[in-house]
Amino acid sequence: MRLCRFDNDRLGLVEGDGVRDVTAALDGLPRYGWPLPRFDPLVANLAAIRPQVEILSGKAPKRPLSSVRLLSPVANPGKILAAPVNYKKHLEEARADPAIHHQKQVVEIQKIGLFLKATSSLVGPGEGIALRHLDRRNDHEVELAAIIGKAGRNVPRERAFEHIAAYAIGLDMTVRGPEERSLRKSVDSFTVLGPWLTTADAIADPAALDLRLSVNGDLRQQANTRDLILGIPELIEFASSFYTLHPGDVLLTGTPEGVGPVQPGDRILAEIQGIGRMEVAVRAAA
Ligand code: MN
């Protein structure tokens, strides 16, 4: 099942190049008050919402996807976890290019672990990317995103997939420079998630997905998730040894080689096999 959030926080069921408005499926969601939970209500209640979506979809008219504005399908992640240098060829390119490594040692993921991105950096493809530091190099990084569906801590790798609700395409946008990753990658709009949630049951093998990214029609990144250094089970095991994972937490699994700069006016097209494709416009921040 493919579920999107669009326009004015509508919930959509995506079918081919169309979308059905199934927002009424959210009517049964528990009401949350202050203090708000650390999880995303849609993802936490996905099992209960899915049958409602099925029922409603029969009556909801189909609109073209091109006519709606896609927002981040996860509205309220508790945290955004991200894997640095998790493809071998990206590790090699980062070590070879001073504009990427900035005189810092580029360390393997087994030593450096994970980093966190501010949740305020999260947008959907329809919102676009706003660059604030036009004098710096701002890079695209396409990544498979796994969305946590079930809370867990100290999750062994053998049970990792029980904790994943869905997958999406992630863009881990980055200002290159000497500062900490979490600062440079948390600019507003620098985490793009979309175009929708593809539920985990629809992805037979997340470790065998082609992914690619082009800018203005030029292919920049092309790889397969089988080349991940740490796969999703290992990432979940490692992350949950530090943090309790909550439904709606987003795990960005790392980018392959081919990262490169974008400028205002560029159009990014990102695609992952089995999930779909999303187009994201780049602009200068107002
Ligand atoms: Mn990244």
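The values are calculated or read from the model by the stated rules, or taken from the named source; none is laboratory data. Predicted model only: the values in this text are computed from it and were never measured. Here Cβ is always computed from backbone atoms with ideal geometry, including for glycine, and neighbour counts include all displayed protein chains. Side chains included, ligands, DNA and RNA excluded: accessible areas come from the protein's heavy atoms. Shrake-Rupley method; radii C 1.70, N 1.55, O 1.52, S 1.80 Å.
For residues that are surrounded by fewer than 18 Cβ atoms within 10 Å (Cβ to Cβ) and either of a type in the set (D, E, K, R) or modelled with pLDDT under 95 (or both), tally how many sit in the range 182-216. Residues meeting the conditions: 4. Answer yes or no: is there a residue in the range 217-226 that is over 18 Å from the mean Cα position of the chain (by Cα), among the hydroxyl-bearing types (Ser, Thr, Tyr) and over 10 Å from Val142 (Cα atoms). No, the range 217-226 contains no residue that is over 18 Å from the mean Cα position of the chain (by Cα), among the hydroxyl-bearing types (Ser, Thr, Tyr) and over 10 Å from Val142 (Cα atoms). Pairing residues of the range 125-152 that are closer than 23 Å to Arg69 by Cβ and in a helix (DSSP H, G or I) with residues that are away from the ligand (no atom under 15 Å from the Cβ) and modelled with pLDDT of 95 or more, at Cβ distances under 6 Å and at least 6 apart in sequence or on separate chains, gives Pro125/Leu70; Pro125/Gly194; Pro125/Pro195; Pro125/Met278; Pro125/Val280; Gly126/Arg69; Gly126/Leu70.
Does Leu219 count as more than 16 Å from the ligand (Cβ to nearest atom) and open to solvent by less than 10 Å² (accessible area, probe 1.4 Å)? Before the answer, list the steps.
Values: more than 16 Å from the ligand (Cβ to nearest atom): yes; open to solvent by less than 10 Å² (accessible area, probe 1.4 Å): no.
Spelling it out, it is not the case that Leu219 is more than 16 Å from the ligand (Cβ to nearest atom) and open to solvent by less than 10 Å² (accessible area, probe 1.4 Å).
Considering Pro73, Pro30, which residue is closer than 22 Å to Asp249 by Cβ, free of Cβ contacts under 8 Å to residues at least 40 places away in the same chain and assigned to a loop (DSSP other than H, G, I, E, B)? It would help to see each step written out before you state the result.
Working: Pro73 fails: free of Cβ contacts under 8 Å to residues at least 40 places away in the same chain.
Within the list Pro73, Pro30, the selection yields Pro30.
From the list Ile129, Ile169, which residue is within 15 Å of the ligand (Cβ to nearest atom), in contact with a Ser or Thr (Cβ under 6 Å, 6 or more places away or on another chain), of a type in the set (A, V, I, L, M) and open to solvent by less than 60 Å² (accessible area, probe 1.4 Å)?
Working: Ile169 fails: in contact with a Ser or Thr (Cβ under 6 Å, 6 or more places away or on another chain).
One residue alone meets the criteria, Ile129.
Of the set (1) more than 18 Å from Ser121 (Cβ to Cβ); (2) in contact with a Lys or Arg (Cβ under 7 Å, 6 or more places away or on another chain), all apply to Asp249 but (1). Of everything listed in (1) more than 26 Å from Val280 (Cα to Cα); (2) outside any helix (DSSP H, G or I), the single unmet condition for Gln110 is (2).
Checking each residue in the range 253-284 for being more than 16 Å from the ligand (Cβ to nearest atom), open to solvent by 50 Å² or more (accessible area, probe 1.4 Å) and more than 21 Å from Ala83 (Cβ to Cβ) picks out Gln263, Pro264, Gly265, Arg267, Arg277, Glu279, Arg283. Output the residue which, of all residues in the range 132-166 that are farther than 20 Å from Pro247 by Cα and either more than 16 Å from the ligand (Cβ to nearest atom) or not assigned by TED's automatic domain parsing to the domain that holds Val215 (or both), is surrounded by the fewest Cβ atoms within 10 Å (Cβ to Cβ). Checking each candidate, the answer is Asp135. Apart from one condition, Leu36 fits all of (1) among the hydrophobic types (A, V, I, L, M, F, W, C); (2) in contact with a strand residue (DSSP E or B) (Cβ under 6 Å, 6 or more places away or on another chain); (3) closer than 27 Å to His163 by Cβ; the exception is (2). Going through (1) open to solvent by 40 Å² or more (accessible area, probe 1.4 Å); (2) closer than 18 Å to Met1 by Cβ one by one, Leu42 falls short only on (1).
So in the range 83-126, with the set limited to residues that are away from the ligand (no atom under 15 Å from the Cβ) and in contact with a strand residue (DSSP E or B) (Cβ under 7 Å, 6 or more places away or on another chain), which one is most open to solvent (accessible area, probe 1.4 Å)? Looking at the filtered set, the residue picked out is Thr119.
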